[in-house]
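Report on the following structure.
Values quoted throughout were computed directly from the atomic coordinates according to the rules given, and no laboratory measurement underlies them. Here the structure is a predicted model, which means the values were calculated and not measured. Note that we place each Cβ from the backbone using ideal geometry, even for glycine, and neighbour counts take in every protein chain shown.
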């Protein structure tokens, strides 16, 4: 086992260039003091935002100045912290930033309520008087969009003071799942006793030893069964909080209230579920294939986790990985490719793991910084794919920032995974085309098929379950353990089909999914992959303007609603054919895999 290196032992060229944000920590602290001075100016506008066009413009400009500076500061503090989570100086940096942000939120909390007190005709009059306010017109329209759902000042204050209390169900469920719940022990394939936990669950569910898979599945979920009443109560508490808030604010349902925040019509959510149901036979074909490859007569849920192919031992140096990614993005033209090269050559990327570095990978930037990428590169296929994926995020950020004023540069979570997944899918197809053996091709196809199963079908099943529980509560039904568990079991029957035996223990899986506390969030994984597949199909078929449309989409930022942004790339999420085309791609992968068996 290789010795874990210290942060100080990393080569500079393999680390991200945080000095491009602030050359020294002292310059960061100087900016912090400037922000504090700006925040003190906020108080003079309280109570008089709507008195004149001059006041409205000045307070909006002040708010944007502070927000922009804090976004830059956040990027420095958190990137510094993620280099080495044990570094006390970095911990203090993040702590002081969090305190400053809390102060900013508190000092500026009067702004939106006061804007909403201004008559919309007065707003138009102010824009006529003060032409600079024209830049803020879309922002003001979006604020006024919330007006029908804003309560009185006193009611808003009460709701605001209750937020921490309303978040307790999620917090309690998290403590149970991550601290109190014991998952039991099993014997591994070497007959050694091992303790199950959230981290090693998938390792043992993917074991080639069927006895290990079975014991893991049964033991893990039987222990969840011991908490079924408590976790049903916490989930109902969460549903109750969101449903009550939605009703108080005049929404027709919790779903409408949640999607309203991202400016997404519920039709998109409903289309996803309908389209997946109409193409359920494709995921059944996938499970039939697994059953055939594994040569099992009795194919159970715990068998579905096993990879069709063992992971390839092939590794890639970082230099090889860079060349592959540059080849993949060549399709987007010279400018895009040059920017990716800049990312590699000018230290956008923190490449290798070191002791106490944050795990995983991400892309994070701000309007005034590089869109940085954190990796923990070790050279396997997945690591190369991750570079392509994260640089997709970075290029989305780069184009959004360079094509829009700060005010409209950020993009909504609904479209956030599209650019990264476009790159990831193009990478997979590139690797398929350049694979030298059938075994290599099958391994890549196996990964791609699993992506469709887990991202479209599984996340849609979660979305359907979430839709059900909120609808049931809003009809006046109590969310008992029996209601939740029986519905979850039925959905598994529907989504896995008759070729998979649905083990009874799966009825308790809903207890371990934290996303059911995220307020209609998970559907975006499925819509994001579907949109990306539609774009990739257009590009691979060399459709006219496919690349141009996609690059124009990357430049939209937050200048329009997210569903409208995707239309720029030729993707209409109101049309079920977007989901259908993605699932047809899944079927093509299944057929290709079969041809290589």
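Relative contact order for the range 487-556 using alpha-carbon pairs under 8 Å, separation at least 6, rounded to a whole percent?
Averaging sequence separation for qualifying contacts and normalising by length gives 19 percent for the range 487-556.
Quick one: angle between helix 381-403 and the longest Cα principal axis of the chain, in degrees between 0 and 90, rounded to 10, please.
Taking the Cα atoms of the chain, the angle to 381-403 is about 20 degrees.
Hey, quick one: spin label on residue 356, modelled 7 Å out along Cα-Cβ, who in the range 82-113 has an amide N within reach, i.e. under 15 Å?
Answer for this model: 82-95.
PRE reach from residue 544 (point 7 Å along Cα→Cβ): which of the range 302-341 fall under 13 Å by backbone N?
So the set is empty, nothing qualifies.
Tell me, how many Å apart are the Cα centres for the range 506-527 and for the range 292-327?
Cα centroid to Cα centroid, the span is 25 Å.
Count the DSSP beta bridges whose two residues both fall in the chain, then state the antiparallel fraction as a percent rounded to the nearest 5.
Here the share of antiparallel DSSP bridges comes out near 65 percent.
Two decimals is fine: what's Rg over Rh for the chain, C-alpha atoms, Kirkwood radius as Rh?
A ratio of 0.96.
Report the full-extension gain for the segment residue 552 to residue 504: residue separation times 0.36 nm, less the Cα-Cα distance, to one decimal in nm. Spell out each step's value before the answer.
On the way: separation 48, 0.36 × 48 = 17.28 nm, distance 4.90 nm.
Difference between extended and current length: 12.4 nm.
Counting just the Cα atoms, what span does the range 1-82 cover along each of its three principal axes? Round to the nearest Å and put the largest first.
67, 23, 17
Take every Cα pair under 8 Å in the chain that's 6+ residues apart, average their separations, divide by the length, and report that relative contact order as a whole percent.
Result for the chain is 18 percent.
Once the Cβ-Cβ distance between residue 34 and residue 403 is put in as r, and R0 is 25 Å, what FRET efficiency do you end up with, to the nearest 0.05?
After rounding to 0.05, the efficiency reads 0.35.
Which three semi-axes in whole Å describe the equivalent ellipsoid of the range 224-272, each the square root of 5 times a Cα gyration tensor eigenvalue, listed largest first?
Calculated on Cα positions only, the semi-axes equal 26, 15, 7 Å.
Return the calculated 222 nm mean residue ellipticity for the chain, to the nearest 500 deg cm²/dmol, obtained by summing -39500 (n - 2.57) across DSSP H runs with n ≥ 4 and dividing by the residue count. All intermediate terms of the calculation are to be shown ahead of the outcome.
Values: 27 runs with 362 residues, N = 597.
Result for the chain, helices only: -19500 deg cm²/dmol.
I'd like the distance between the alpha-carbon centres of the range 208-251 and the range 367-418, rounded to an integer number of Å.
So the separation of the two Cα centres works out to 33 Å.
Could you work out the mean projected area of the convex hull around the alpha carbons of the range 7-150, in square nanometres to one decimal?
Values: hull surface 42.8 nm².
Directional mean of the projected Cα hull area for the range 7-150 stands at 10.7 nm².
How far is helix 458-474 tilted off the main Cα axis of the chain, in degrees rounded to 10, range 0 to 90?
It works out to around 60 degrees.
Quick one: length gained pulling residue 219 to residue 175 fully straight, 0.36 nm per residue minus the C-alpha distance? All intermediate terms of the calculation are to be shown ahead of the outcome.
Working: separation 44, 0.36 × 44 = 15.84 nm, distance 2.00 nm.
In short, 13.8 nm is gained.
Using a 7 Å offset from the Cα along the Cα-to-Cβ direction at both residue 261 and residue 9, what is the distance between the two label points in nm, to one decimal?
For the pair residue 261/residue 9, the computed spacing is 4.3 nm.
Expressed in nm to one decimal, what extension gain is obtained for the pair residue 285 and residue 298 from 0.36 nm per residue of sequence separation less their Cα-Cα distance?
3.1 nm
For 478, 306, what's the fewest-to-most ordering of other Cβ within 10 Å of each Cβ? The partial results should precede the final answer.
Numbers: 478 10, 306 17.
Listed from fewest to most nearby Cβ atoms, that is 478, 306.
Sequence gap at least 6, Cα distance under 8 Å: using those rules, report the relative contact order of the range 216-304 to the nearest whole percent. Each step should come with its number before you reach the end.
On the way: 20 pairs, mean separation 12.8, N = 89.
Relative contact order here is 14 percent.
Roughly how many nanometres apart are two label points built 7 Å out from the Cα toward the Cβ at residue 19 and residue 85?
Modelled inter-label distance: 2.8 nm.
Using 7 Å Cα-to-Cβ label points, what is the residue 454/residue 128 separation (nm, one decimal)?
So the two model labels end up 5.9 nm from each other.
Could you work out how far helix 88-107 tilts from the main Cα principal axis of the chain, as a 0 to 90 degree angle to the nearest 10?
50
Based on the alpha carbon coordinates of the range 182-226, what radius of gyration and maximum Cα-Cα distance (Dmax) apply, in Å?
Spelled out, the Cα radius of gyration and Dmax of the range 182-226 are 9.4, 29 Å.
Please report how far the C-alpha centroid of the range 8-77 lies from that of the range 91-126, rounded to the nearest whole angstrom.
Centre-to-centre distance over Cα atoms comes out at 14 Å.
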